[in-house]
Amino acid sequence: MDFNKPAEQRAFRYERNPVAERGFLILRRNTQDRFDPVGDYLVVDDEEDLALSEKKVMNLVALLNKDESYVMDLGDLTGTQSRFHIKPEKTERGQTQMVFYALGAQGVSKENAVLSIDEGVLV
């Protein structure tokens, strides 16, 4: 993500979730040029460093903004591969949920985080 590019030119951004200690809010610019929450990323792996979690969220936001050249390779930091599963059912709020897993050298995946996002955002 081009952090020199003015934020007002990006459609999506993130911030720490004020009510979930290990969570981040995904925000999208609205027609009044303000940012509304459209999803949240909750880290469920208590052993993961939140600085690393934040880099993962930065990657998600870069992809949402179609800034793929700014996606960071985090494999050296994690020592794992990331996998995900999209749940077929919607949440009570009608959101899509993606469960992220870390696949380590033992070949067993471990649940890492859950992204809940409004319908139509991942188009």
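Summary table below
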| quantity | calculated |
| --- | --- |
| Length released on extending from F84 to L103, taking residue separation times 0.36 nm less the Cα-Cα span | 5.8 nm |
| Relative contact order (%) - criterion: Cα under 8 Å, at least six apart; region: the chain | 22 percent |
| Taking only Cα atoms of the chain, radius of gyration then Dmax in Å | 14.6, 49 |
| Accessible surface, per residue, of the range 1-116 when the full set of protein chains is kept, probe 1.4 Å, Å² | 63 Å² |
| 21 Å Cα cut-off, lysine pairs counted over the chain (separation 8 or more, or different chains) | 9 |
| Check: the chain dipole with +1 on Lys, Arg Cβ and -1 on Asp, Glu Cβ, in debye | 340 debye |
| Heavy-atom accessible surface of the range 1-94: percent carbon and sulfur, 1.4 Å | 48 percent |
| C-alpha center-to-center spacing [the range 36-54, the range 76-123] in angstrom | 11 Å |
| Within the chain, longest stretch clear of exposed GluC sites (Glu not before Pro) (DSSP loop, no more than 12 other Cβ within 10 Å) | 48-88 |
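The values are calculated or read from the model by the stated rules, or taken from the named source; none is laboratory data. Note that this is a predicted model, so its numbers are computed, not measured. Positions of Cβ are generated from backbone atoms using ideal geometry, with glycine treated the same way; all protein chains shown enter the neighbour counts. For the accessible areas, the whole protein counts, side chains as well, though only heavy atoms, and no ligand, DNA or RNA atoms are used. Shrake-Rupley method; radii C 1.70, N 1.55, O 1.52, S 1.80 Å.
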